[in-house]
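Before any comments, here is the structure.
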Amino acid sequence: YLLKLVDDGSLNILWEIRCPDFDCNSVILRTHNLSEIMGKEIECDYCENGLLVRRQHVFPVFEINDDFREFLKQSKKKQVNYLHAL
Ligand SMILES: [Zn+2]
C-alpha cells in the first residue's frame with residue numbers, strides 16, 4: 001500500500017543506513033540516492049565504527065509529501081492512524 005502512495009507522489013521514499021553494531025544501531029545517514037552510497041565506506045558518527053555500505057545496512061523509509069500531509073490533517077484522525085509510526 002505504501003509503495004502505491006510513492007507511485008502517486010503522496011509519499012517519497014528514502015534510504016536509511018543503519019549502524020550494524022547491535023549496541024549502537026544508529027541511523028548514520030539518510031539519502032534519496034541509494035546508488036550514490038552503495039559500496040562506499042562511511043563511519044558511524046556515534047560509535048565511530050567504519051562501515052562498507054551493503055544491502056543489509058539499508059532500510060527504506062517513507063517521507064510524507066507536504067501536500068499529502070495537509071490532506072491528512074483534514075482527514076479524520078482514525079483514518080491516519082496507520083501513518084502514526086512515520
Ligand atoms: Zn554506530
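The values are calculated or read from the model by the stated rules, or taken from the named source; none is laboratory data. Keep in mind that this is a model prediction, so the values were computed, not measured. We place every Cβ from the backbone using ideal geometry, glycine too, and count neighbours over all the protein chains shown. These accessible areas exclude ligands, DNA and RNA; they are computed on the full protein's heavy atoms, side chains included. Shrake-Rupley method; radii C 1.70, N 1.55, O 1.52, S 1.80 Å.
Annotations
The rows are residues; the columns are (1) within 16 Å of the ligand (Cβ to nearest atom); (2) farther than 29 Å from PHE71 by Cβ.
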{"position": "LEU3", "(1), (2)": "no, no"}
{"position": "ARG18", "(1), (2)": "yes, yes"}
{"position": "ASN25", "(1), (2)": "yes, yes"}
{"position": "ARG30", "(1), (2)": "yes, no"}
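- Residues in segment 2-54 that are surrounded by fewer than 10 Cβ atoms within 10 Å (Cβ to Cβ) and touching a residue at least 24 places away in the same chain (Cβ under 8 Å): ASP23 alone.
- Residue list for segment 55-68, restricted to those being open to solvent by 70 Å² or more (accessible area, probe 1.4 Å) and either under 9 Å from SER10 (Cβ atoms) or not charged (D, E, K, R) (or both): GLN56, PHE59, PRO60, ASP67
- Helices (runs of 4 or more DSSP H) contained entirely in segment 14-86, each with at least 1 residues that are modelled with pLDDT under 90 and among the β-branched types (Val, Ile, Thr): 77-80
- Any chance GLU41 is within 20 Å of LEU3 (Cβ to Cβ) and within 15 Å of the ligand (Cβ to nearest atom): no
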